[in-house]
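Asks: Could you have a look at this structure, given as structure tokens, before my questions?
The values are calculated or read from the model by the stated rules, or taken from the named source; none is laboratory data. Computed from a predicted structure; not experimentally measured. Cβ placement follows ideal geometry from the backbone for every residue including glycine, while neighbour counts extend to all protein chains displayed. In case anyone asks, the SASA skips ligands and DNA or RNA and just uses the protein heavy atoms, side chains included. Shrake-Rupley method; radii C 1.70, N 1.55, O 1.52, S 1.80 Å.
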Amino acid sequence: MAIKLFDSLSREVRELTPSHADGVFRFYNCGPTVYAPAHIGNFRTFVVNDVLRRLLELEFGPDKVKHVRNVTDVDDKTIKRARDENRSLAAVTQQWTDKFHADCAALNCLPPHVEPTATGHIREQVDMIDCLMRHGNAYRAADGSVYFKVSSFSNYGRLSRVKERELQPGSALAGKSQAVDADEKEDGSDFALWKAHKPDDGENRWESPWGPGRPGWHIECSAMSKKHLGDTIDLHTGGVDLLFPHHENEIAQSECCNGVQFSRQWYHSEHLLVDGKKMSKSLGNLYTLDDLVAKGFSPMAIRYALLAGHPRKQLNFTLDSLHAAEKALATLRAHRAALAPAAAAHDAFAPVIAALQDDLNTPAALGALFTILNRKEGQPDLASFDRAMFALGFDLSAKTAAPKADAPPEIAALAEKRWAAKQAKDFATADALRKELAAAGWTMLDRKDGYSLEPAKK
RNA sequence: GGCGCGGUAGCCAAGUGGUAAGGCCGAGGUCUGCAAAACCUCUAUGCGCCGGUUCAAUUCCGGCCCGCGCCUCCA
């Protein structure tokens, strides 16, 4: 089998292959900007990339995959956050990097092999900008900032298929003034490689041949990809919103500097929608992992829900989908407990892997999974099942995160009374007390040897 | 205005030129005093609308309606 993935550049499904002689598949996934907790839309992309990472390991071997995902720890937002909180940039970005790692772990995402930071690669970025200056692809503006000259790269726009970047009537930019520093640029579509220091940047400045300042956002990924994966990589991934201008700019920078193809293939996952709209603070439909855990959902259910739609289609996220995911996961746990450790080694769950290998069709994989589980004949073996769980990244040992709220004394007393009545076979009293508990918002679950109390589900 | 995507059962969501995977919810049943859990069974003659091609279209083509995203920091 081979892993096939839609390539955003050629617009066709292509087989993934390593191009380097060492047989190591190299892929770069644009990571988060660490100034606040990531939301579940961000995590959709990271979870999808995690499934891809797992598939690659199954296909090429664990030591034949090199996965790089950056952390953007210097930009307008991180600097603003540090300024607003009167803290150092490093303190702010470390806090949110740690939170990001904790969330990723909760979602059972494998850590990338290298996780470079922008501030840790200033030299590499400066070197690359210098290279672009020497090649005539960049220029220094009056304020000391350095811009990439878009007109110097004839292939610009190939990825996003947008040639003309001028304002169009009806565009989001129409009516607004152009970028603040547009007059500094030779062309409105030129983008910053190096941003000259401004008072608002505070202490966050680095030296460069063009004066103090900080790197632009786009050059970060080009420089770190080059350093850790080489001039030509096998795959570059990210969310669709990065397609333009970020990825378009990366191609321009890298190919102008290195003179060779930047990435052999591109993959973009679609947006997660909430209530039919893209998540945004202004719409008030933005969820973080913590928001959902606080509602009683387990991170694994969130992972499941994020994989329930095709990664290249917008997925409308709802709380209902989380309920469904929680139930489905419980079913998987029950099935796993019933599977035989090692029968005849027929790979019953191969169709699950096959669906994933077919352009990361996660919903089809989940469908195949249950179809196989529901079959009456045959006994699927555990190793095959576990391989499918590994590929999907489902950790079935994780318990449902039911909030363990302790019942107040009067509720506990009622429960005791009901249990006693039941033991005495006074079912009328027992039933009446169950209703009373329910009215108070508590559900009593009986077992053979006792009972448990849980807050009633809405 | 440009570029792109989507509209499949109550909800979520695969898929195919030959008659619709799967999950959730719901209904019925078995089992337990009841409830919960578990297990069994059932649940779209139809895939936005209108035309066209075809022996056959939800699946191909054309038009239309509706929704969403990008073009601005963004996964």
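Asks: Can you give the alpha-carbon Rg of the range A:72-133 over 2.2 N^0.38 Å, where N counts its residues?
Replies: Details: Rg = 14.4 Å, N = 62, 2.2 N^0.38 = 10.6 Å.
That ratio works out to 1.37.
Asks: HN-Hα J couplings of the range A:219-228 from phi, Karplus 6.51/-1.76/1.60, θ = phi - 60°, integer Hz, Gly and Pro as x?
Replies: Coupling constants for the range A:219-228: 5, 3, 5, 4, 5, 6, 5, 4, 5, 8 Hz.
Asks: Give, in whole angstrom and from largest to smallest, the semi-axes √(5λ) of the equivalent ellipsoid of chain A, with λ running over the eigenvalues of the Cα gyration tensor.
Replies: On the way: eigenvalues 471, 163, 68 Å².
Listed largest to smallest, the semi-axes of chain A are 49, 29, 18 Å.
Asks: Fully extended, how many nm does the chain gain between A:Ala340 and A:Phe390 (0.36 nm per residue separation, minus their Cα-Cα distance)? Show your work: numbers first, answer last.
Replies: Values: separation 50, 0.36 × 50 = 18.00 nm, distance 1.77 nm.
Gain in length upon complete extension: 16.2 nm.
Asks: Okay, next question. With label points built 7 Å along Cα→Cβ from the Cα atoms of A:Ala439 and A:Leu286, find their separation and express it in nm.
Replies: Reported label-point gap for A:Ala439 and A:Leu286 is 4.4 nm.
Asks: Report the residues of the range A:17-34 in range of a label on A:Asp98: point 7 Å along Cα→C-beta, backbone N strictly under 17 Å from it.
Replies: Residues A:34 qualify, since their backbone N sits under 17 Å from the label point.
Asks: Past 20 Å, Cα to Cα: identify those pairs from A:Lys99/A:Lys327; A:Lys66/A:Lys227; A:Lys295/A:Lys327; A:Lys327/A:Lys448, in the order given.
Replies: Those over the limit are A:Lys99/A:Lys327; A:Lys327/A:Lys448.
Asks: Restricting to DSSP H runs of at least four residues, report the calculated mean residue ellipticity at 222 nm for chain A, -39500 (n - 2.57) per run over all residues, nearest 500 deg cm²/dmol. Don't jump to the answer; show the numbers that get you there.
Replies: Working: 14 runs with 181 residues, N = 458.
It comes out at -12500 deg cm²/dmol, rounded to the nearest 500.
Asks: Can you divide the C-alpha Rg of the range A:235-277 by 2.2 N^0.38 Å and report the result to two decimal places?
Replies: Expressed relative to 2.2 N^0.38 Å, the Cα Rg reads 1.42.
Asks: Can you tell me how much longer the chain between A:Lys448 and A:Ala294 gets when fully stretched, taken as 0.36 nm per residue apart minus their C-alpha distance, in nm with one decimal?
Replies: That works out to 52.4 nm of additional length.
Asks: When Lys and Arg each count +1 and Asp and Glu each count -1, what net charge do the other residues less than 12 Å away from A:His101, Cβ to Cβ, add up to?
Replies: -1
Asks: Then there is this: Using the heavy atoms of the protein chains alone and a 1.4 angstrom probe, what is the accessible area of chain A per residue in square angstrom?
Replies: I get 47 Å² per residue for this part.
Asks: So how do A:232-240, A:332-340, A:45-53 stack up, highest first, on mean other-Cβ count within 10 Å?
Replies: A:45-53, A:232-240, A:332-340
Asks: Also: Among A:103-113, A:13-23, A:215-225, what's the highest-first ranking by average C-beta atoms within 10 angstrom per residue?
Replies: Averaged packing, sorted descending, gives the order A:215-225, A:103-113, A:13-23.
Asks: Let me ask something else about it. Between A:Lys313 and A:Ser88, what is the spin-label point distance in nm, taking each point 7 Å from the Cα along the Cα→C-beta axis?
Replies: Between A:Lys313 and A:Ser88, the label points sit 4.9 nm apart.
Asks: What FRET efficiency, computed as 1/(1 + (r/R0)^6) with R0 = 56 Å and r the Cβ-Cβ distance, is obtained for A:Asn374 and A:Ala142, rounded to the nearest 0.05?
Replies: The computed FRET efficiency comes out at 0.20.
Asks: Which FRET efficiency value, to the nearest 0.05, do you get for A:Glu186 and A:Met1 by plugging their Cβ-Cβ distance into 1/(1 + (r/R0)^6) with R0 = 41 Å?
Replies: Computed FRET efficiency for A:Glu186 and A:Met1 comes out at 0.25.
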